[in-house]
Structures are given as structure tokens and as C-alpha cells.
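This report refers to the structure that appears directly beneath it.
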Amino acid sequence: MTKTPWGDSEELRARKLTPGHRLPAAEVARSQRERLLAAVVATVAEQGYERTSVADIVEASGVSRTAFYRHFSNKEECFVAAVDGTLEIAMAAIGEAYRTEGGWDARLVRAFETYVNEIMAQPAAAQICLIDTFAAGPAAIERVNRGGAQFERMLRQSFAQSPLHAGLPPLVVRGIVGGVRNVVATRLRVGQADTLGELAPGLGAWTLTYRAPSTPIRRPRVQPAAPGAARPDANDQMARIFAALDSVVREKGYLATTLDDVADRSAISFSTYYNYFSTKEEAFLAAYDQGIAQAYAASAPPFQRAPDWPHGVRAALEGLLTYLAREPDWAYSAVVEVLAVGAPGIARRDAAIEKFTRMLEPGFEEAPDLAPVAREAIGGAIFETLYNRIRERDSRKLLDLLPTVTFLALAPFIGADAAVAVANERAPRRVAHSRAS
């Protein structure tokens, strides 16, 4: 049984209206619509968006196919309606908690607790919003982004009333929201939504470690990085597949990309393709893994060569940003479109974030009272910052974000002023990294 905002999944068919009873048309329509919304939440949460069909939704809801199409044109429209309804219910509860009496910090804590409680009460609905949405297309993603923007405005309004937090840059506040969302989505993906209540205090404390520095985070003026990938070796068939896949996915998106597209772009036959991979997903994840290995190779040596830990974090982030800026096709696939793969892609993304954020471990010696979940949240905050820039197809200017992501990484450990001092340092001459090297 799956709990949804419109009823438990196993009870939907029992709620089917008895034929022959003359009920008002509006009541019939409301009953059918609610059961369809509940059914799409339950089926997508269990099977994933791509594997869910209209037939699955109709079967779970007890609503006829004809009635389904009276309410919705297709599966996507039904899914988006469920996302809209879920967010409306959750944001109403969070907003009510935030508008209660008290200081900014007490109201923010109540709103945060309500957010966590809503997710714990409705994990399936939260999952479709924070995980499955990315496989459903732009309309669904936009709905979730609006919900995130509401929470971001709430956080900015609260910080504006605090002498310690007023003036935090919008990019930092957006990153904080992304960090919280990353922790929540990870727990949902692995079926551990019930642990969020235990993590909430540490996550809330991490949020409040971001104080406004006395010196602003500067916006560096750097030349946009030129793409650095060389043409793949004509004899390296796998490299040609990867290059073609990254290129097509950046143009069309993962969901719209077909094996025909990849074969045509790479000039490789289907039989050759199937010598390496069985499916598009398998090839995409292999390309992702290779790119992550090379991105890590661009980050680890600068981290190890740095004179101290804070500068090592900055150097590693610079290596990562340089690599992403020089590989715009792969960067778009790896940061944006990997989410459209669904649970397998998000699991790969989470593993990559975990690998890169190991460099933050020494920071807990500086701030031993910081909850361990902070490392995961910082990784999500940095990912969110990169995601928003790359989604705008502006990856060549990623190095503009170096001071911001450095601040996000360091401030919880060494404080705002020490973090901004490292973040604002002029970067040494960069060394180019290429996937083809």
C-alpha cells in the first residue's frame, strides 16, 4: 500500500462509484480525478516515470480509460497535475508554519520542521517531485523549481532579519536550498525518508552556519574557457560512441535521444554499438563514469599539492570547474541530463558527489560540532549551483562560480570571513584538462 495525498493506493478501486446512482457530475469528476492523481503517485513511485503507462494508472485507480482522457490528455499531464497538487498542499502547510508568531529564527525552524514532516508523511509524493520529475520533462521540472523558489524566498526573508545573515548572496541561499533538497532526495531514493527527522536538527544547524562575510564574495572576471575536447580517435569506437552520445544528449535531451541518433553521429553501425552496450542507458552511464573519473583526476592533484586544506578545496573546485567548462557536452549530460535517467542516474550522481566531497573530511577537525550530514548537504549545494548555470547552457563561464562554490564548501568549517578570504584569492594560471588527453 502506498500513501498519497488523495488516499491509499489499495483503496482506490474500492472508492469506485456505484453505477446507476445519479450523482452530481462535479462530484463524479472530483472522485475520478483524485483517484487518478493518487494512482499516478503510487505507480510512478513504485515503477519510475518511464515504466509507468496510462494503462497502469487506469488499473490502479479503477477509473476507465475513457474517463482518464476526459481529465488528462496524456500521462505527463496527469503526472504534472499530481506534482502541482502535492506542492500546493506542502507549501500551504509550510507557509502557515512560517507565518506564525515569533522571531525569524523560530518561524524558520517551524517551517523547516513542517517541510520535513510533510515529506515523512508523504514519501511517495515527495519522491515523484524530487526524483521522478526529472524524467517527466520540462513542465514537471518547472513546477518543482517554483516550489524551490518559494522556499528560497522564505529563507532570504528570514536571513534579511538577522544581523549575522543579512546580505548573503542569492547564489549562496539558492545553494543552501539545493543542499537540503539533495539530502532529502537521497533519503527518498534509498527508502530512508523516516530518518529525516533525526537528520533535521543537524541539517538546520548547517544552514545557519552560512553567515554574511564582512567582505563580499567577488565576481571574478575570467575569460570563458574554450572547449578542449579533441576529436575522438577514429579507431576508438567507444570514444566515438561517448562523444556522439554526449553531443546528441546536449542537443535533444536524454529522453529524446535515440540509438539512431548515436549511430548516425558516431558513424558506427548498430551491430558495433551492441558489441559494447545493450541499451542507451548502459552507454550513457558508461560515458558518465568515464567523465567522472577524468573530472576527479583534474581535481585530486591540485587538492594534494595545495599548501593547506582550505586552499586544497579551492584548488580542487577550480580543477573541476575547468574540466566542466572545457567539456560542455559531457558537463550538460553529467550534471543536467543524468537526472532524466531516473533512479540509476541519480544513484550515479549521488556516488559522484560523495566521492568529491571526501575532500571536506579534514574540515570536521576544524568544526567538530558540525553534523556529518553537512558534508552531503555541501555537496548538494555545490551541485545545485553548477546545475543552474549548466542548465542555462552557459558552462563556458563556470569559473565565474569558483568564489561562490569555495565559500559554500568552506564557510561551515572555518567561518564566513576566513572562507571568503580564500574564495576571493586570485587563481593561479590554469592548466587545461581534456577528456581526450
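General remarks:
- Single residue of Asp400, Asp369 found to be outside the structural domain of Thr52 (by TED's automatic domain parsing) and either free of Cβ contacts under 8 Å to residues at least 12 places away in the same chain or of a type in the set (S, T, N, Q) (or both): Asp369
- Test: residue in the range 349-368 that is farther than 24 Å from Leu203 by Cα and under 18 Å from the mean Cα position of the chain (by Cα): no
- Residue-level check: of (1) of a type outside the set (S, T, N, Q); (2) buried (at least 20 other Cβ atoms within 10 Å of the Cβ); (3) part of a helix (DSSP H, G or I), His165 misses just (3).
- Ile241 among the hydrophobic types (A, V, I, L, M, F, W, C), part of a loop (DSSP other than H, G, I, E, B) and not assigned by TED's automatic domain parsing to the domain that holds Phe134: no
- Checking each residue in the range 168-209 for being out of contact with any Phe, Trp or Tyr (no Cβ under 8 Å at 6 or more places or on another chain) and either part of a loop (DSSP other than H, G, I, E, B) or outside the structural domain of Phe151 (by TED's automatic domain parsing) (or both) picks out Pro169, Val190, Gly191, Gln192, Thr209.
- Helices (runs of 4 or more DSSP H) wholly inside the range 247-308 containing at least 2 residues that are touching a residue at least 60 places away in the same chain (Cβ under 8 Å), surrounded by 14 or more Cβ atoms within 10 Å (Cβ to Cβ) and in the same structural domain as Glu354 (by TED's automatic domain parsing): 280-305
- Qualifying residue in the range 142-155 (condition: in a helix (DSSP H, G or I), free of Cβ contacts under 8 Å to residues at least 12 places away in the same chain and aliphatic (A, V, I, L, M)): yes
- Within the range 47-57, if we keep just the residues that are touching a residue at least 12 places away in the same chain (Cβ under 8 Å) and assigned to a helix (DSSP H, G or I), the residue that is farthest from Thr2 (Cα to Cα) turns out to be Val54.
- Selection count, the range 44-100, where residues are in contact with a Pro (Cβ under 8 Å, 6 or more places away or on another chain) and among the polar types (S, T, N, Q): 1
- Flag for Arg358 being under 16 Å from Ile390 (Cα atoms) and either of a type in the set (D, E, K, R) or out of contact with any strand residue (DSSP E or B) (no Cβ under 6 Å at 6 or more places or on another chain) (or both): no
- Check on Pro344, within 19 Å of the chain's Cα centre (by Cα) and either surrounded by fewer than 23 Cβ atoms within 10 Å (Cβ to Cβ) or among the polar types (S, T, N, Q) (or both): yes
- Qualifying residues in the range 75-104 (those that are of a type in the set (D, E, K, R) and part of a loop (DSSP other than H, G, I, E, B)) - the one nearest to the chain's Cα centre (by Cα): Arg99
- Residue match in the range 125-138 (condition: surrounded by fewer than 22 Cβ atoms within 10 Å (Cβ to Cβ) and over 25 Å from Gly345 (Cβ atoms)): no
- Here Met120 meets each of (1) part of a loop (DSSP other than H, G, I, E, B); (2) in contact (Cβ under 8 Å) with a residue 60 or more places away in the chain with one exception, condition (1).
- Restricting attention to the range 15-42, the residues that are touching a residue at least 12 places away in the same chain (Cβ under 8 Å), in a helix (DSSP H, G or I) and out of contact with any Leu (no Cβ under 7 Å at 6 or more places or on another chain) total 10.
- Any pair with Cβ under 7 angstrom, 6 or more apart, that starts in the range 91-115 at a residue that is without any contact (Cβ under 8 Å) to a residue 24 or more places away in the chain and ends at one that is outside any helix (DSSP H, G or I): Arg110/Thr100
- Taking the range 260-319 as the range and being touching a helix residue (DSSP H, G or I) at 6+ places or on another chain (Cβ under 8 Å), at pLDDT below 95 and among the aromatic types (Phe, Trp, Tyr) as the test, the residues that pass are Phe270, Tyr273, Tyr276, Phe277.
The values are calculated or read from the model by the stated rules, or taken from the named source; none is laboratory data. These numbers were taken from a predicted model, which means no experiment stands behind them. Positions of Cβ are backbone-derived with ideal geometry, glycine not excepted, and every protein chain shown enters the neighbour counts.
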